[in-house]
Amino acid sequence: MWLQINKETKRIQGYVGFCQGNPIPEDGCELVEVNEIPTEWQYCKYENGKVIVDPTYKAAKLLETQLNNIRMQREVECFPFINRGFLWYETLTEERKNELKTWYQAWLDAPATRVIPTKPT
């Protein structure tokens with residue numbers, strides 16, 4: 001098995017589990033033969049002949065994933081209501097419009113606050 005290591009960052013870009021012959025690395029990468037693939041390889045780097053987890057990089061990638069999940073949830077739960085059009089909005093009371101505006105703003109702020117807003121009644 002081989003780990004594909006970025007020559008500049010020393011981060012693991014991926015791995016080759018099985019290959020007949022010698023695998024060819026992508027441009028800018030080198031291959032390092034290992035006995036097993038690390039569990040959290042996507043957060044690791046290769047330094048001084050060892051594979052180590054980079055806690056700062058891992059935290060950043062996990063935060064990025066969390067924020068992307070919030071954005072995807074916003075696409076599903078919020079935008080179909082907010083993007084209904086003028087005629088639908090004209091059927092709402094001012095109180096309901098204000099409730100939707102507040103909810104929409106909370107969704108827009110959700111990646112920063114990491115708080116999923118409660119759906120309005």
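Return the residue satisfying two criteria in turn: it lies in region 17-36 and is part of a strand (DSSP E or B) and either open to solvent by 50 Å² or more (accessible area, probe 1.4 Å) or out of contact with any Pro (no Cβ under 8 Å at 6 or more places or on another chain) (or both), and of such residues it is nearest to Thr65 (Cα to Cα). Restricting to residues being part of a strand (DSSP E or B) and either open to solvent by 50 Å² or more (accessible area, probe 1.4 Å) or out of contact with any Pro (no Cβ under 8 Å at 6 or more places or on another chain) (or both), the top hit is Cys29. With the condition kept exactly as written, say whether any residue in region 38-59 is at pLDDT 90 or above, over 20 Å from the mean Cα position of the chain (by Cα), in a helix (DSSP H, G or I) and not hydrophobic (A, V, I, L, M, F, W, C). No, there is no match, as no residue in region 38-59 is at pLDDT 90 or above, over 20 Å from the mean Cα position of the chain (by Cα), in a helix (DSSP H, G or I) and not hydrophobic (A, V, I, L, M, F, W, C).
Annotation: of all residues in region 37-81 being among the aliphatic types (A, V, I, L, M) and in contact (Cβ under 8 Å) with a residue 24 or more places away in the chain, the one that is surrounded by the fewest Cβ atoms within 10 Å (Cβ to Cβ) is Leu67. Just so you know, in region 87-107 the residues that are among the aliphatic types (A, V, I, L, M) and without any contact (Cβ under 8 Å) to a residue 12 or more places away in the chain include one that is most open to solvent (accessible area, probe 1.4 Å), and it is Leu87. Residues in region 1-16 that are over 13 Å from Glu47 (Cβ atoms) and in a strand (DSSP E or B) were compared, and the one that is most open to solvent (accessible area, probe 1.4 Å) is Tyr15. The sole residue among Glu47, Glu99, Glu77, Glu95 that is within 27 Å of Arg11 (Cα to Cα) and among the acidic types (Asp, Glu) is Glu47.
Residue by residue through region 64-97, note down the ones that are in a loop (DSSP other than H, G, I, E, B) and closer than 16 Å to Thr113 by Cβ. Within region 64-97, just Cys78 meets the criteria.
The values are calculated or read from the model by the stated rules, or taken from the named source; none is laboratory data. All figures in this text were calculated on a predicted structure; none of them were measured in a lab. Ideal geometry is used to build each Cβ from the backbone, glycine not excepted, and the neighbour counts take in all protein chains shown. Surface areas here come from the heavy atoms of the whole protein model, side chains and all, with no ligands, DNA or RNA. Shrake-Rupley method; radii C 1.70, N 1.55, O 1.52, S 1.80 Å.
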